[in-house]
Each structure stands twice: as structure tokens, then as C-alpha cells.
Amino acid sequence: MMRVTLRQLQTFECVARLLSFSRAAEEMHVSQPTVSKQIKLLQEEIGLPLLDQIGKRLYLTEAGKELYATCGTWLHTWGRFEQTIADMKGVKQGRLAISAVTTTKYFLPRILGPFCQQYPGIDVSLEVLNRNRVLERLATNEDDLYIMGVPPEAAGVIAEPFFENILVVIASADHPLAQRKRIPLKALEKEPFILRESGSGTRLLLENMFKQHKLKLNVRMELGSNEAIKQAVAGGLGISLLSQSTLHLDPSQKEISILNVQGFPVKRDWYVVHHKDKQPSVVAQTFLDYLLDHITLLKPKS
Ligand code: PGA
């Protein structure tokens, strides 16, 4: 019978996932020698090397890959056990990992604040990334919940709409189209567009919309954030499509106008997504219930 500790397995899972001792040390808030020592003890106990270092890169050996697969299931089961115990004790505590697309940063914090206050024992880790990166994390089962505007079509996930996502076309306040009413979508073909980076959900929505109407997008520029896009639009570099939530409470909004385009604003939804086969942890369920009961918190105060 091997004598392996939970801490060693947690350390190995972290190193194997990040393929880096230093990043694992950072994530676990310990020193790098502590990580190396845990891995060394684990390798000795298992009796086979788990990692190969070639140049600066780390690789998992065959034994390492086996252990990594086992660790995922095992640590998850253990995490659930810890949470069940916490729940039996009547305390909601544990770690809640959420990854959310960039655009949600304009409204998600409004609910996380009060949620954390109500459940001080719940430690929330929020990763804010573009849609493609969130989908990668969903594929590798890294978080409890995933929040995005365009859920994946893959079977095996549950996507629950929870809040409306209103999409608008914006231009600078002095743009000639700013005064026009009922602008046909076709008229936007001539306008230079500022697009989010590839992999962004907002960009996907815009591209799909144009494709659906058999229109061509005239792309002037790609920018990697909603903030940068607003500045570029305000500066007259082109027009763009953004979620209306990116505009609230923004002083630069005076320099931007929402165009009156036929068929707009487009109403979509924000979705909370999780794996069908993965029963949400007690903590994740607590957050889901809170989210659905407190939707009004997401609305900007006007
Ligand atoms: P994005 O995603 O922030 O990556 O553009 C938005 C969305 O999923 O609608």
C-alpha cells in the first residue's frame, strides 16, 4: 500500500496541470522548493518518475499521465466530501471556481460582492477570459461554473439563461449615422468595423449576424478589449457591436451613440454553464440559487 498524502496529490495535480513548478508554487502560495520536495517524495513512494524535464519544459511520463487522470477524479471526490461535511455542519464553505467571459466583468461583480458577504466561508475564484479560453476550461473541467453569452452546442453541458444580454451597434456621437432612424443593417456593410479579438463571444455574435443576413463585414481593426473598442469608436475609428452592459456608468459614453439600426437592440441571454454529469458542489449550487434569486442586483443602479 503506497503512503501518499493528500497534499502531495494536490501539488502534483497543480504541477501537472500547469506544467511548471514555479506557477504551481504561485497558485498554491508556497515556495518552489516546497513543491519540488512534495513531488520528490511522491515519486519515491510511487517508485517511478512522474515528470521529465527536457530543457526548460516539463512533460508528464506515462506514470505521470496515469496519476494525473486519477488525481482529477480523486481530488474532485474529496472536494465534494469536504463540502458535504461542511454542509452537514450547517456551514456553507469551500472554494467556488467560476470562469466568465470578459464582458461579464461589467455586471458579475455586483452579485459577487453581496454573495461573499452572505457566505464568508465561500472562497470565490473568478477567472475572466474571452469565450474561447472559457470553453477550454470547460473542456478540461477546471471550474464549477462557466458564464458566457454564447453557450457551446456540445451535448453534455447544461446552459441556463439567467440575465438578458442586449447588443447594440455603437458609433461616435458625431457620426453621420447617429442622427438617422431605422438604419437598414445593409447600410452597415459600408462602415468600417472595430472587432473584438478572435475567440471573443461578442465577435462571434456579430459575425454570425452578418453571415445570417448574407452581408460582408468591413473590418478596420481588431482590439482585445471592450474598453479599447469604446475608445476607438469614440475617436471615430469605426463602428462596433457591443453588449449594452459595457456602456453603463461610463463617462466616455457621451462620446458614443447607440445607432438606431433595424432589428436592434438584439436581445440575447447570459448563460451559466456546467457539465451535465457533474453534480454541482454544494457551494456551486448555493451560488446558482443565489444568482437566480438576486438577478435584480445585476442591473445597473440608475
Ligand atoms: P466575450 O464574450 O467577452 O469573449 O466577447 C461575450 C459573450 O460570450 O457573449
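Considering T103, T73, T77, which residue is of a type in the set (S, T, Y), under 30 Å from K190 (Cα atoms) and either assigned to a helix (DSSP H, G or I) or not assigned by TED's automatic domain parsing to the domain that holds S225 (or both)?
Of T103, T73, T77, the one residue that is of a type in the set (S, T, Y), under 30 Å from K190 (Cα atoms) and either assigned to a helix (DSSP H, G or I) or not assigned by TED's automatic domain parsing to the domain that holds S225 (or both) is T103.
Quick check on R137: is it crowded, with 20+ Cβ neighbours inside 10 Å and touching a residue at least 12 places away in the same chain (Cβ under 8 Å)?
no
Examine the range 101-108 for a residue that is open to solvent by less than 30 Å² (accessible area, probe 1.4 Å), farther than 27 Å from L50 by Cα and out of contact with any strand residue (DSSP E or B) (no Cβ under 7 Å at 6 or more places or on another chain), and state whether such a residue exists.
Yes, the range 101-108 contains a residue that is open to solvent by less than 30 Å² (accessible area, probe 1.4 Å), farther than 27 Å from L50 by Cα and out of contact with any strand residue (DSSP E or B) (no Cβ under 7 Å at 6 or more places or on another chain).
For the range 30-84, which positions are under 15 Å from L9 (Cβ atoms), of a type in the set (F, W, Y) and open to solvent by 80 Å² or more (accessible area, probe 1.4 Å)?
W74, W78, F81
So the check is Cβ under 8 Å with 6+ separation or different chains; which pairs have a first residue in the range 226-244 that's farther than 15 Å from G201 by Cα and assigned to a helix (DSSP H, G or I) and a second one that's β-branched (V, I, T) and away from the ligand (no atom under 11 Å from the Cβ)?
Matching pairs, first to second residue: K230/I170; K230/I256; A232/I194; V233/I170; V233/I194; V233/I239; V233/I256; A234/I256.
Determine whether the range 10-29 contains at least one residue that is open to solvent by less than 70 Å² (accessible area, probe 1.4 Å), touching a strand residue (DSSP E or B) at 6+ places or on another chain (Cβ under 7 Å), over 30 Å from P151 (Cα atoms) and not in a helix (DSSP H, G or I).
yes
Quick grid of which residues meet (1) open to solvent by 70 Å² or more (accessible area, probe 1.4 Å); (2) within 24 Å of Q179 (Cα to Cα):
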| residue | (1), (2) |
| --- | --- |
| G238 | no, yes |
| L241 | no, yes |
| Q244 | no, yes |
| K254 | yes, yes |
| S281 | no, no |
| L288 | no, no |
| D293 | yes, no |
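Run down E153, E136 and say which single residue is assigned by TED's automatic domain parsing to the domain that holds L292 and more than 16 Å from the chain's Cα centre (by Cα).
E153 is the lone residue from the list that is assigned by TED's automatic domain parsing to the domain that holds L292 and more than 16 Å from the chain's Cα centre (by Cα).
Scan the range 189-198 and give yes if some residue there is of a type outside the set (S, T, N, Q) and in contact with a Phe, Trp or Tyr (Cβ under 6 Å, 6 or more places away or on another chain), otherwise no.
No, the conditions are met nowhere in the range 189-198.
Please verify whether I194 is crowded, with 16+ Cβ neighbours inside 10 Å and over 21 Å from A100 (Cβ atoms), treating the condition exactly as stated.
When the stated conditions are applied, I194 passes them.
For the range 153-184, name all the residues that are touching a helix residue (DSSP H, G or I) at 6+ places or on another chain (Cβ under 8 Å) and not in a strand (DSSP E or B).
A173, L177, listed by residue number.
Please determine whether any residue of the range 171-180 is loosely packed, with under 15 Cβ neighbours inside 10 Å, within 15 Å of the ligand (Cβ to nearest atom) and not aromatic (F, W, Y).
Scanning the range 171-180 turns up no residue that is loosely packed, with under 15 Cβ neighbours inside 10 Å, within 15 Å of the ligand (Cβ to nearest atom) and not aromatic (F, W, Y).
Condition first: without any contact (Cβ under 8 Å) to a residue 24 or more places away in the chain, open to solvent by less than 70 Å² (accessible area, probe 1.4 Å) and either more than 16 Å from the chain's Cα centre (by Cα) or within 17 Å of K89 (Cβ to Cβ) (or both). Now tell me which residues in the range 109-123 satisfy that.
G113, C116
The values are calculated or read from the model by the stated rules, or taken from the named source; none is laboratory data. Model, not experiment: these values are computed from the prediction. Cβ sites come from the backbone with ideal geometry, for glycine too, and all protein chains shown count toward neighbours. Please note that ligands, DNA and RNA were not included when accessible areas were found on the heavy atoms of the full protein model with its side chains. Shrake-Rupley method; radii C 1.70, N 1.55, O 1.52, S 1.80 Å.
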